[in-house]
Structures are given as structure tokens and as C-alpha cells.
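Visitor: My questions will all concern the structure given below.
We did not get these values from a lab; they are worked out from the coordinates using the rules stated. Values in this document were obtained by computation on a predicted structure and should not be read as measured data. Neighbour counts run over all protein chains shown; Cβ positions are idealised from the backbone, glycine included.
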Amino acid sequence: MTQNSAESGASLRSARWFRKNDLPGFIHRSTLAMDGWTRDDLMQRPVVGILNTWSDLNPCNLSLRTLAVKVREGVLAAGGIPLEVPLMSISENLIKPTSFPFRNLLAMEAEETIRSYPLDAVVLLSGCDKTQPALLMGAASANVPVIVLNSGPATPRSMSGGELATANGVWKFVDQMRAGALPDKAFETFERNVMGSPGHCAEMGTASSMSIVTEALGLALSRSSLVPSTDARRGQLARQVGQRAVELALAGGPTPKDILDDHAFDNAISLLCAIGGSTNVIIHLLALAGRVGVPLQLGRFDEIARRVPLIANVQPAGEHLTERLMMAGGVPALFKELSPLLHLDARTVEGRTIGEIADAAEITDDEIIRPRHRPVRPGESLIVVKGSLAPDGAVIKAAAADPALFQHKGRAVVFEDVQSLADRIDDPALGIDENSILVLRNVGPRGAAMPEWGMLPIPRRLMARGIRDMVRISDARMSGTAYGTAVLHVSPEAAAGGPLALVRTGDMIELDVAGRRLDLLVDEEEMQRRRAAWAARDEVHVRGYRKLYNSHVEQAHKGCDFDFLRGANPGNLPEGLFDGWVGGW
Ligand code: FES
């Protein structure tokens, strides 16, 4: 520990716990003596919390256990005290009924952990879909200096010496299975290969999208988001992250609120559009903006999508996996190509601006990172529609949809909930044809905690005829690896009494992507009659977290955060108020 760093640490947050010669100071220091830290350590060194969402239940985050060791080494090398803190882990594929409601729970846990403990800076270790936004949201509210390191993408195996098994392939297998066209044993082979290594999904699903967006927000080291989970460079990054965390602790910033301004969100949305990223990120960015008081609206995504082309040739919108994107120059190279469209003055936790990072970047493969004038697909990656069926908006992942359906009028076939969908989707009596519009409701934030059910299955007999896409509308989300003309996140949701609750089978619905409209073609008089007759479903969650969730979750166009978690927060305990308070003695 140098004299300088010890001096600059005089105003450390942790000093309020450790640098006082009184009873609380004695208790706080002697408590951490059990961890092996001396009085001198605690009186001189900054404390870095390593918030870790490692879990055996969450193999996407499995590498975080070893990465945390490397982060510790980096913190120690820079003169800090590393304290690792296990937090709840949310495993996308295992947790029931859906991972989504637990994002807010983990966000609360992260916020209160940071705020209530003597941490001068925090490293956030996350990976699988919900762990990333949850930690960001919690850290943004706590507003202690923070730096993010994710587990990194997995490395898929080849199934046959050629084709790689990826999560994206699941949906194609499911389609083939429903069409009765899946070769024997193919699914079993796929199952054996699809999870080739620990790490998060390796295509542009929600996890990779969130990682890239986090780097674009300025909260992660540049080039850190796409290094594969098993790549030695991720360990090197972890050490750098630990060292940088100590510097942030000693400098007292920048804090999340210093970085997360409207420019940072614009840049993040631009990257999201350029990579054809997951629609789930829209919800997470809206929630994060709400935490720091940035008035981000759903319409801003549409505005930016109109000017930022899809230039990253990565599945599901393109051909390759994220490792190729890293090799082509990664996020800094995307910054370079998108420079005229970005706010280059935006700050980052590594100290450089986005413009400085872009200047130093190189694009090494223009088939993977295309020039803006030669995009992977023409048109917008994301589209926001509004109209009588979605007064507060709905989203379409245009990069993964069929443009032939962008102007479409069809007869609605309504499924009341997911059980009714499962029971009836193949019922010929419903008269579903390729022009029908499938509607699933009561799967929004309050209705069913917004699962990824928005890619409704196409009826088997249509699949057998080669129909691969139809207009599907719901208040659900969709997996970042899924595809199809799915109108998602309809807001207000059916369970909140939105117009989606009033649609009946046989009604006509019009989707007009060019006009950004989604309309239910039913006259207002009839809608009033239906509205008067509508009653909310009985609340099934009468206790516990799900009761809290359903009582306070906001609608999709606001990010599905809890209403009481929005807005600026002082971030720290009020100076002095509790400093003399000693619990447990
Ligand atoms: Fe965890 Fe995809 S299932 S990142």
C-alpha cells in the first residue's frame, strides 16, 4: 500500500466502519480479523466487494468461481482487500416458473448488500440472462463504484464435425420435430452437444446482448464482453478488473450514476440494434434507466433502430457465433464502425471515452462486422408498434422476423393462457391457417411473470405444409435465441385490463410495421361493452415474494421493475446516523 493510496483512501466509504478509534471501529475490525485482515490492513486499504452469482445450479455462471479468484489476485496486487459475496443465482433453464420475476429479487439483494456493507467498490460477476441486469440495477441504485465482469460465452461443440450445437438450434429442432421431419436420434445427439462448456449462450441471445450492452454503457472493460468463458484471456481480464476496482475505490468513482446518463443509454441501444440483440434487453435497459432517473422511453428504441443498421453477422439474425465477433474486433470495433451514430464523449469505468476506445480499435473481418452501407440485413433490427391493441407499445425483433408479414391483416385465434395454447394449438376445429394471427394473453408481467412464451408454436399441420412463420401476438417475452414474427411485450398486458384482454377469436387484427401500428379492428362501442364485462382473474399469489411481485411490478414499457425501486436514491447510509450503531454485540 503506497502512502498516496493510503491518503486518498482517507475518504473511503469503508473508513466509516474501520478507521475510527471507538467501539464500532473495534468491533468492525475484529470481525474481519476472522477473515485474516489486520488492523493495519483495515485502516489503510480500500475494500472491494466481489459480488458473485456462481452456482452449481447455474452452469452459465460456473466459471465465475475461478474468475473470482483471479479478481481477488488483481485486488490484492493493487493493494485492496477483496471480499467475495455470494448472491442468488438465477439459472434461466432450471428455475420455475420463469426466471424473470427473480431479476428484481436479485437486484434488491445486490443493492442492499452493497449499501449495507463497508464496500468502496464492487465487481459484479454475472453471466446468465437475469443475473446481468439484476446486478446492474442493484448497483445503479446503491451507486458505489462498480465494474462488471461476465462469465463469457460458452464454446459449443460440433455435432458432426461441421455444424455447431447452439441454443439457437433448439428452436429449429423443435420446429422439425413438430413437422415430423426430425431424423432418429438427432435430438439426443443435439442434447449431448449443445452445452459444450460452461459459459452463457454463445449466440446473440439475451446474455451476449446484455454483455455487449454493458460494455457499451461503459460499465465493463473494453473488449471484455465476448471473450469465451474457457479462454485464458478471461482470467487475465479478471485480474485487470480487480486492479481497476481498487483504482475506482480510491478515486471514489466514477459511480454508476456518473456513467449512466442519456448518452450512455443511447449508445447501448445503438449497439443493441447493430448486433440484432435480444428484445429482453429493451426491458432491462428501461428498468436500469428508471433506477438512475434517465427518462428513457420505449419509443427511443424505435428512433435509434431506424438509423442504426444490423452490422454484426451473428446468430440468430446472422450466421456466426459471438467468438467470431470478438475476433473481428469486438465491441470497440463496433464502436468504430458506428462512430458517427454514437455519443463519443460517453465515459467508461476504464477511464477512456467511447470515442477514444473507438479510435484505437480495428475491424479485422468485415464479413463479421459489416460496413454500415453493407448490413447483414436491410431495415431495422427492432421495431416498436403502438395502436388500439397496444396503447403503450409492443416490440418486434425485426432482425429475426419475416418481412413478408410486416403488413398483415388476419383473423385472431385467441389462447387464454399457456395451458390453453398447449391443449388446443393443433385442434383443427380452430380453423387456423397461415393468415391467422395467434394471440396468447395472460402471460405478461402480472399475468404469469412474463415468461419467454412469445414465440407461439405453429400448428403441426401448417408446419407439415412448410409454413415456418406467422404473426403471433402476446404480452410475453421471447428468448433472445428465438425467431419469428412475434409481437411481444404488449402493454398494458391482459392481466392489467389492457385491450389484449378484450380480443376474441374471429376479430380482425392489423399489423402495419411501416406505420408502426398494431390495431384491433373492432369498433369502440363494442370495445366498451367488452370492457364493461371484463373482470380480472383471481390473484393466485397470496403470500411471499410473488405476492410482492404482483403487487408492485410495472408494465413492460417501463421495464417491469418494482414501482418503489424507481428513481434516484441517496445511495449510501446517511453519514453519521448509524455509524455508532453496533449490532450483534
Ligand atoms: Fe444461461 Fe442462455 S441459458 S445464458
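Visitor: For segment 408-434 and segment 435-509, write down the distance between their C-alpha centroids in whole Å.
Guide: If we compute the Cα centre of each part, the gap is 10 Å.
Visitor: Quick one: 29, 157, fewest Cβ neighbours within 10 Å first, how do they rank?
Guide: Placing the least packed residue first, the sequence is 157, 29.
Visitor: Within 10 Å of each candidate Cβ there may be at most 16 other Cβ atoms; applying that plus a DSSP loop requirement, which GluC sites (Glu not before Pro) in segment 318-353 survive?
Guide: Hits after loop and neighbour filter: 319.
Visitor: In nm, to one decimal, how far is the modelled label at residue 468 from the one at residue 527, with both set 7 Å along Cα→Cβ?
Guide: Roughly 3.6 nm, to one decimal.
Visitor: Still on this structure, I have one more. Ranked highest first by the average count of other Cβ atoms within 10 Å around their residues, in what order do 292-304, 63-75, 36-48 fall?
Guide: Ranked by mean Cβ neighbours within 10 Å, highest first: 63-75, 36-48, 292-304.
Visitor: Rank-order 497-508, 275-286 by packing density, defined as the average count of other C-beta atoms within 10 Å over each peptide's residues, highest first.
Guide: In descending order of packing, they fall as 275-286, 497-508.
Visitor: For segment 340-460, with only Lys/Arg (+1) and Asp/Glu (-1) charged at the beta-carbon, what is the dipole magnitude about the Cα centre, in debye rounded to 20?
Guide: 420 debye
Visitor: Which of the cysteines in the chain are isolated, no other cysteine C-beta under 4.7 Å?
Guide: 201, 273, 560
Visitor: Right, next: Please give the residues of segment 430-464, grouped as numeric ranges, whose backbone N is less than 19 Å from a label point set 7 Å along the Cα-to-Cβ vector of residue 537.
Guide: Hits in segment 430-464 for residue 537 at 19 Å: 438-457.
Visitor: How far apart, in nanometres, would the label points at residue 327 and residue 43 be if each is projected 7 angstrom from Cα along the Cα-to-Cβ direction?
Guide: 5.5 nm
Visitor: How large is the charge dipole for segment 221-340, taken about the Cα centre, if only the Cβ atoms of Lys, Arg (+1) and Asp, Glu (-1) carry charge, to the nearest 20 debye?
Guide: Result for segment 221-340 is approximately 260 debye, rounded to the nearest 20.
Visitor: Among 273, 260, 315, whose Cα projects farthest towards the positive end of the dipole of segment 226-316, with charges put on the beta-carbon of Lys, Arg (+1) and Asp, Glu (-1)?
Guide: Sorting the options by dipole projection puts first 315.
Visitor: By average Cβ neighbour count within 10 Å, what is the ranking of 104-117, 383-396, 482-495 from highest down?
Guide: 482-495, 383-396, 104-117
Visitor: Just the number, please: percent antiparallel of the DSSP beta bridges in the chain, rounded to the nearest 5.
Guide: Antiparallel: roughly 40 percent of the beta bridges in the chain.
Visitor: Under a Cβ-Cβ cut-off of 13 Å, what is the net charge of the residues other than residue 64 that fall near it, where Lys and Arg count +1 and Asp and Glu count -1?
Guide: Cβ neighbours under 13 Å give a net charge of +2.
Visitor: By how many nm would the segment from residue 77 to residue 424 grow when fully extended, if each residue of separation counts as 0.36 nm and the alpha-carbon distance is taken off?
Guide: Gain on extension, residue 77 to residue 424, equals 118.8 nm.
Visitor: For the chain, what is the charge dipole size about the Cα centre, in debye to the nearest 20, if Lys and Arg each add +1 at the Cβ and Asp and Glu each add -1 at the Cβ?
Guide: 460 debye
Visitor: While we're looking at this one, here's another question. At 7 Å along Cα-to-Cβ for each site, give me the label-to-label distance between residue 189 and residue 512 in nm.
Guide: 4.9 nm
Visitor: Helix-only mean residue ellipticity at 222 nm, the chain, DSSP H runs n ≥ 4 weighted -39,500 (n - 2.57), per residue, nearest 500. What is it?
Guide: -10500 deg cm²/dmol
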